[in-house]
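Input: a single structure, listed below in structure tokens.
The values are calculated or read from the model by the stated rules, or taken from the named source; none is laboratory data. Keep in mind that this is a model prediction, so the values were computed, not measured. Here Cβ is always computed from backbone atoms with ideal geometry, including for glycine, and neighbour counts include all displayed protein chains.
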Amino acid sequence: MNTSMNMKPLDIDMEDEQETLSFLPEAPVVHIRVPKRKQKLRCCSCRPWIYKSILFMIIFTAVLSFKSYVAIYGYPFQHKEEAVTKWRDLHLDDIGHWCMQPNVTTCECANPLQPMHRHGHKTWTEAHMQNEKLARNIEQDGMKKSPFREMDVVFLGDSITEGWRGTSFGKAVEKKEEIAIVFDQNFDMDKGGEYDGLVLGIAGDKCQNLLWRIQHGEMPKKLKAKVFWLLIGTNDFLKEGLDQCSEEVVFMGIQRIVEEMMIQKPDATIVINGLLPRSDIGRGNDGRLYEIGTKTVMNAIDAVNIQLEEYCDEHDELEYFDASKIFISTDSNLGKGKYAKFIPKDFMNDSLHPTARAYSYWAKAITEKLETIINGKLTIDRL
């Protein structure tokens, strides 16, 4: 039996392919319901604590930033403080003559009782912030030094004081590297020094600037020292572009600082270093200090130092230190008596700032003075 079928070609109309293939059996349609996967909600709205944490961090950062701003610049939008005319027993009315030269009656001198900052001048603000960190016993990398180590002496002042660190306005100065070595050899026990010392000075500062600094972080409660060593005032006499102020103004400015220090550190001994010799008539030349018929800045310095010594004698917690002999020599070719006195170049090249050699002699004299105050006993044992 021939089971083969006679097959004929399909007449396929390409225009209606769906209909042409309709002879094929239709596959059954099965509907399968696929359950939807529950997606994890990633929106922060479902986790309120995230919002609260972010809000807390924003508020905390804002408060911290505001406190830092106020510490440096003061409160915004506040009215300017009235000028201070008196403080305790110090009165501006007691200043008989404001100008250094007796024949000069008009000069602009800073108020010796009014604290003043120097924000915006070179890197003064950065230097002040560095001093704040040092005063809190924090190194540059933010790591605290041993909390068991207490300073024997803290030096406060202007460029002459800052020179101990080998810096100016907080920046390292190559020509002052030797001075920093002298300091380490005498006032860093870890480097062979007999005592532990800390330097808080900024170049160009006057009495009002140092007063502001110790009121704004450079003399915190945690700063402990047996002795605070003060040298300030020479810039109040002579500063380029400014008038020359009298010894009365300078002395009152130093008094105001000392009074502030005694309030903040009542248990410490304060040494007032007499103003160092300075030449205005022979600066950079022969270093002469005195001139017949002329009132030099050295005459004014002598007057201030006499008052400082008397002032220290009146207070048990104060000590006066005279370093002038270290820096002064005599030359008979310049004159007789005090007119023969001058500052050698190898001790003050510019008749103002000590050289490394001068610092070494000064350091030796300071350590001898500290020995008499501390009675030869270190503040703590060497760690």
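Below are the figures for this structure:
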item	result
Matching residues, the stretch 294-334, being over 20 Å from LEU238 (Cβ atoms), among the small types (Gly, Ala, Ser) and out of contact with any Lys or Arg (no Cβ under 8 Å at 6 or more places or on another chain)	SER332
Residue match in the stretch 97-110 (condition: part of a loop (DSSP other than H, G, I, E, B), among the small types (Gly, Ala, Ser) and either modelled with pLDDT of 95 or more or closer than 30 Å to THR294 by Cα (or both))	yes
Count of the stretch 119-128 residues which are assigned to a helix (DSSP H, G or I) and either touching a residue at least 60 places away in the same chain (Cβ under 8 Å) or in contact with a helix residue (DSSP H, G or I) (Cβ under 7 Å, 6 or more places away or on another chain) (or both)	4
Filtered residue count, the stretch 300-351, keeping only those that are part of a loop (DSSP other than H, G, I, E, B) and closer than 27 Å to TRP98 by Cα	6
Single condition VAL304 does not satisfy, out of (1) modelled with pLDDT under 95; (2) among the β-branched types (Val, Ile, Thr); (3) in contact with a helix residue (DSSP H, G or I) (Cβ under 8 Å, 6 or more places away or on another chain)	(1)
Single condition ILE292 does not satisfy, out of (1) hydrophobic (A, V, I, L, M, F, W, C); (2) surrounded by 14 or more Cβ atoms within 10 Å (Cβ to Cβ); (3) in contact (Cβ under 8 Å) with a residue 24 or more places away in the chain; (4) more than 26 Å from SER360 (Cβ to Cβ)	(2)
Any hit, the stretch 337-344, residues being under 23 Å from PHE155 (Cα atoms), of a type in the set (Lys, Arg), more than 25 Å from the chain's Cα centre (by Cα) and at pLDDT 95 or above	no
Positions within the stretch 249-269 being among the basic types (Lys, Arg) and part of a helix (DSSP H, G or I), in sequence order	ARG256
Members of the stretch 164-200 that are among the hydrophobic types (A, V, I, L, M, F, W, C) and under 23 Å from MET348 (Cβ atoms)	TRP164, PHE169, ALA172, VAL173, ILE179, ALA180, ILE181, VAL182, PHE183, PHE187, VAL199, LEU200
In the stretch 162-193, residue farthest from the chain's Cα centre (by Cα) [restricted to those that are assigned to a helix (DSSP H, G or I) and of a type in the set (Asp, Glu)]	ASP190
Condition met for MET219 (of a type outside the set (D, E, K, R), assigned to a loop (DSSP other than H, G, I, E, B) and touching a residue at least 12 places away in the same chain (Cβ under 8 Å))	yes
Residue check, MET116 part of a helix (DSSP H, G or I), out of contact with any Ser or Thr (no Cβ under 9 Å at 6 or more places or on another chain) and at pLDDT 80 or above	no
Any chance GLU260 is within 22 Å of ASP313 (Cβ to Cβ) and without any contact (Cβ under 8 Å) to a residue 60 or more places away in the chain	yes
